[in-house]
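Participant: Below are the structure tokens for one structure; questions will follow.
The values are calculated or read from the model by the stated rules, or taken from the named source; none is laboratory data. Because the structure is predicted, anything quoted here is derived from the model rather than measured. Neighbour counts run over all protein chains shown; Cβ positions are idealised from the backbone, glycine included.
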Amino acid sequence: MPFNKELLTPCPVLTPTDEQFNDPIGYLSSESVVKLGAEYGLIKIIPPPNWRPGFYINHDFKFHVRKQVISDLGITTRSRDFFRENINRFLKMRRKRQLKLYFTTGGVKVYYYDLYKLVESFGNTMNEEDWKVVGKKLGADPVAIRKEYDATIRYYASYLHSNTSYDFPESDSEDEFDNCLICGEHDHPSETLLCDNCDNPFHMKCLNPPLSSVPATNWYCDKCLIGTGEYGFDEDVDVKYTIPEFHKLCEEFDAKFVKEYNHGQPLTVDAIEEKFWSFVDVEKSDLEVMYGADIHNSKPGEISGFPMENTPNLNVDDPVTKYYINHPCNLTKLPLAKGSLLNFINTSISGMTVPWIYIGSLLSTFCWHVEDHYTLSANYCHFGATKKWYGIPASFADKFEKLMKDEAPDLFKRQPDLLHQLVSLMSPTKLVENGIPCVYADQNPNEFVVTYPRVYHAGFNCGFNFNEAVNFAMNDWLEFGEKSINDYRLIKKENVFNHNELMENILRKFNQDHDVNRDLVTQSLQSFEKFVNHQEELYSSLKGKFTEIPHKEQNEDDDEELLCDSCRTHLSYQYCVFDPNAKAPQLLTPEASPQDEMVVASVDHNEVAKVANSQASHELSQLHKPVSVMDEFQVLIEKAKTKEEEEENKPTTTRRSKRILSQQEREHGQLMKRFRKNKHVVKKSTKLCLQCVCSKNKPLPQGEMVVRKQIPELKQLIQETKSNL
């Protein structure tokens, strides 16, 4: 659908006085401004006319860029392409014709994925009336649609119904041998199949059901037939640009773009906007742009464009310089300015309390997302072209998430945290047409854009520019922060900081000197008491089942170690550690993929068990056998992933950017030799929060209960706070 700016609402533009600007948290948390934030989601702030902080990046500053193909970012277009790739592998194995993105019937274009998605919404059976509804929604003849579905999609849909797990055997990029991914053994090479897409090796006997002979056609593993939904931006790790070098590339790209896409006429912001969303909705385009995003350096003079005390060649004794160094709207100061709750976090966090830098080019984009822990964000433009913003008020966040999931259900099944990966777009026009208001802002140099808690936002750059952003939190944020932890647990998104410790620190600060807002303390107390009571229930249910040991304080600096290996929330005050040497069960074998053999003469189209013309497909209904409760728990522990170590000598916690697939990771799926070595591997202990342990309600393997703080100590803090209130 064509982009229609008239459907959007301009955001409020605020011009605070010097006094208001010198207390940004107080100003942004004032009743009138908070009301605007709740109604619109984002606001633009123009500083007082005399506020000009200057630009202080080192001349030798260099950065990587990521490559973005705009047409890949539309969640609808990517879902359709994702489906086509996977079903075509399935059809190739069966020697059936390959599909395009769509077919035409009666002059109507019908996308195969849209048809598949609609049929899936009706469940496993379809009657005549259901087909009429499908035909009406697609605007095509239901008889013709059903015929095409039966000929192309039905068997693949049935295969997917029988393969509902997306946990696939992992390969090792350092392995030198063709070890079977299921059993790990390097034997019977003549009976080993290599997937024709990823080249991973599998013993035919290890497949479930096993194959007795090498397929006559192409053969693909389940991972390549079902897909993972993974998508990220390429980043050339071997190339870095200086700001002048990147600016020159941008000028060359702009000139070429104007010539090819705008008849050589100058581009306006409105013209760029229309063209951007047309590229998002196009089925495939070779237009690729570059974006210097999420740049986080620790070297002085490369952290922020604002002046800092450690910025090289800066006269910190100059009164004007000192004024801007210490000003609370300097983004290196804002996260910890008076009134920001991030003051109660015990460590600095790169990307939240320490700025990340963004160097844009024409059409480079940031996709729909909310800030980590649903905090507020502040973005400042130092110089360059307009940055276009779109925002959705927090009151419509649930409706927005539902619309996105309904648009691409398969992607969300495989990637539950998709909206936190910043790789998906949907046109604001479509949002408004689905009852979701969308606000826009045009950010220019020396202007701030602020997003309020749980506000989904997205946008793009109208050309070369330099921005930076941080997060902060105000009193009204606390309930959003608590909600974020509960939401993250469901999709296994890792926490950036410990929310419960933040509340604890608020209470301790209040008890110490009473210099904390009483309403904030009351909110924190209620939330913290609820958490401690729940933790006490979990602890009591596990008491006596584990040997209790004290937490080793030297691990406090290792933030990665403090996350639950299952749900990725912080381990809090008590957690369980499981013996890494405990015997693990054999990995569950993946289901074999359907092969092309004899066809049953007549097929009952309502029977989903009969998937493809193969021995493997006829046995699909037997694939999911019950697993013992002990094995299920051990599989959970075996699957707990350890994270890469952070850069050495980096003093802060770094918020992870899940928007990039490095070149090495991109090639990972295509490498021939990436199989397990038969070598000794040192296993790390598996750590699980009490809620994950108790949720299994099954016999537990050998482990210990680590106690950082006892429940009575936490309850004493609660009682002390109540007395002081």
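Participant: Only residues that are basic (Lys, Arg) and either over 23 Å from the mean Cα position of the chain (by Cα) or in a helix (DSSP H, G or I) (or both): list them for segment 66-83, please.
Facilitator: Arg78, Arg80
Participant: If Ala216 meets every condition in (1) assigned to a loop (DSSP other than H, G, I, E, B); (2) closer than 27 Å to Gln68 by Cα apart from one, which number is that one?
Facilitator: Of the numbered conditions (1) assigned to a loop (DSSP other than H, G, I, E, B); (2) closer than 27 Å to Gln68 by Cα, the odd one out for Ala216 is (2).
Participant: Just for segment 99-111: of the residues that are in contact with a Lys or Arg (Cβ under 8 Å, 6 or more places away or on another chain) and assigned to a loop (DSSP other than H, G, I, E, B), which one is surrounded by the fewest Cβ atoms within 10 Å (Cβ to Cβ)?
Facilitator: Lys100
Participant: Assuming Ser395 fulfils every condition listed in (1) part of a helix (DSSP H, G or I); (2) hydroxyl-bearing (Ser, Thr, Tyr); (3) in contact with a Leu (Cβ under 7 Å, 6 or more places away or on another chain) apart from one, which condition is it?
Facilitator: Every listed condition holds for Ser395 apart from (3).
Participant: To continue, here is another question. I'm trying to understand the selection: among the residues of segment 219-247, which are part of a loop (DSSP other than H, G, I, E, B) and more than 22 Å from Asn179 (Cβ to Cβ)?
Facilitator: Result: Gly227, Gly229, Glu230, Tyr231, Gly232, Asp236, Val237, Asp238, Val239, Lys240.
Participant: Looking at segment 84-98 only, could you name the residues that are outside any helix (DSSP H, G or I) and buried (at least 17 other Cβ atoms within 10 Å of the Cβ)?
Facilitator: Arg94, Lys96
Participant: Are any of the residues in segment 55-65 polar (S, T, N, Q), surrounded by 14 or more Cβ atoms within 10 Å (Cβ to Cβ) and in a helix (DSSP H, G or I)?
Facilitator: Within segment 55-65 (the criterion being polar (S, T, N, Q), surrounded by 14 or more Cβ atoms within 10 Å (Cβ to Cβ) and in a helix (DSSP H, G or I)), the answer is no, since none of the residues qualifies.
Participant: Go through (1) farther than 17 Å from Leu73 by Cβ; (2) out of contact with any Phe, Trp or Tyr (no Cβ under 7 Å at 6 or more places or on another chain); (3) at pLDDT 95 or above one by one and return the number of the condition Cys367 breaks.
Facilitator: Only one criterion is unmet by Cys367, namely (1).
For (1) surrounded by fewer than 22 Cβ atoms within 10 Å (Cβ to Cβ); (2) among the polar types (S, T, N, Q); (3) free of Cβ contacts under 8 Å to residues at least 24 places away in the same chain; (4) closer than 28 Å to Lys35 by Cα, each residue gets a yes or a no:
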position	(1), (2), (3), (4)
Val370	no, no, no, yes
Phe383	yes, no, no, no
Pro393	no, no, no, yes
Lys402	yes, no, yes, yes
Asp406	yes, no, yes, no
Pro409	yes, no, no, no
Lys413	yes, no, no, no
Gln421	yes, yes, no, no
Gly435	yes, no, no, yes
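Participant: Checking the condition assigned to a helix (DSSP H, G or I) and under 24 Å from Pro16 (Cα atoms), which residue from Pro335, Pro328 passes?
Facilitator: On the way: Pro328 fails: assigned to a helix (DSSP H, G or I).
Criteria check complete, one pass: Pro335.
Participant: Still on this structure, please answer the following. Would you check if there is a residue in segment 454-465 being over 15 Å from the mean Cα position of the chain (by Cα) and within 21 Å of Phe344 (Cβ to Cβ)?
Facilitator: no
Participant: Scanning for something assigned to a loop (DSSP other than H, G, I, E, B), aliphatic (A, V, I, L, M), in contact with a Lys or Arg (Cβ under 9 Å, 6 or more places away or on another chain) and not assigned by TED's automatic domain parsing to the domain that holds Ser350, does segment 272-292 turn up at least one residue?
Facilitator: Looking only at segment 272-292, we keep the residues that are assigned to a loop (DSSP other than H, G, I, E, B), and these are 282-287.
The next check asks that each one be aliphatic (A, V, I, L, M); those that pass are 282, 287.
This time we only want the ones that are in contact with a Lys or Arg (Cβ under 9 Å, 6 or more places away or on another chain), so: none.
Looking for residues that are assigned to a loop (DSSP other than H, G, I, E, B), aliphatic (A, V, I, L, M), in contact with a Lys or Arg (Cβ under 9 Å, 6 or more places away or on another chain) and not assigned by TED's automatic domain parsing to the domain that holds Ser350, one finds none in segment 272-292, hence no.
Participant: Among the residues of segment 687-725, which ones are β-branched (Val, Ile, Thr), under 18 Å from Lys543 (Cβ atoms) and in a helix (DSSP H, G or I)?
Facilitator: Of everything in segment 687-725, those that are β-branched (Val, Ile, Thr), under 18 Å from Lys543 (Cβ atoms) and in a helix (DSSP H, G or I) turn out to be Val693, Ile711.
Participant: Checking Leu314 against (1) surrounded by 19 or more Cβ atoms within 10 Å (Cβ to Cβ); (2) part of a loop (DSSP other than H, G, I, E, B): exactly one of these is not met. Which one?
Facilitator: So the condition that Leu314 fails would be (1).
Participant: Taking the criterion of being of a type outside the set (Val, Ile, Thr) and within 22 Å of Tyr220 (Cβ to Cβ), would at least one residue in segment 118-129 satisfy it?
Facilitator: yes
Participant: What is the residue count in segment 197-213 for residues that are outside any loop (DSSP other than H, G, I, E, B) and either surrounded by fewer than 21 Cβ atoms within 10 Å (Cβ to Cβ) or charged (D, E, K, R) (or both)? Steps first, answer last, please.
Facilitator: Here is the first cut: in segment 197-213, the residues outside any loop (DSSP other than H, G, I, E, B) are 201-206, 208.
Next, only the ones that are either surrounded by fewer than 21 Cβ atoms within 10 Å (Cβ to Cβ) or charged (D, E, K, R) (or both) stay: 204-205, 208.
Qualifying residue count for the region: 3.
Participant: Moving on to the next point. Please go through segment 478-524 and pick out each residue that is touching a residue at least 40 places away in the same chain (Cβ under 8 Å), among the polar types (S, T, N, Q) and either under 19 Å from Tyr573 (Cβ atoms) or not in a helix (DSSP H, G or I) (or both).
Facilitator: Listed by number, the residues that qualify are Asn495, Asn498, Asn500, Asn505, Asn511, Asn517, Ser524.
Participant: Right, something else. Please go through segment 112-144 and pick out each residue that is touching a residue at least 24 places away in the same chain (Cβ under 8 Å), out of contact with any Phe, Trp or Tyr (no Cβ under 7 Å at 6 or more places or on another chain) and either basic (Lys, Arg) or assigned to a helix (DSSP H, G or I) (or both).
Facilitator: Asp114, Lys117, Glu120, Leu138, Ala144
Participant: Can you find a residue that is of a type in the set (Lys, Arg), closer than 30 Å to Ser79 by Cα and outside any loop (DSSP other than H, G, I, E, B) anywhere in segment 453-466?
Facilitator: The answer is no, given that none of the residues of segment 453-466 is of a type in the set (Lys, Arg), closer than 30 Å to Ser79 by Cα and outside any loop (DSSP other than H, G, I, E, B).
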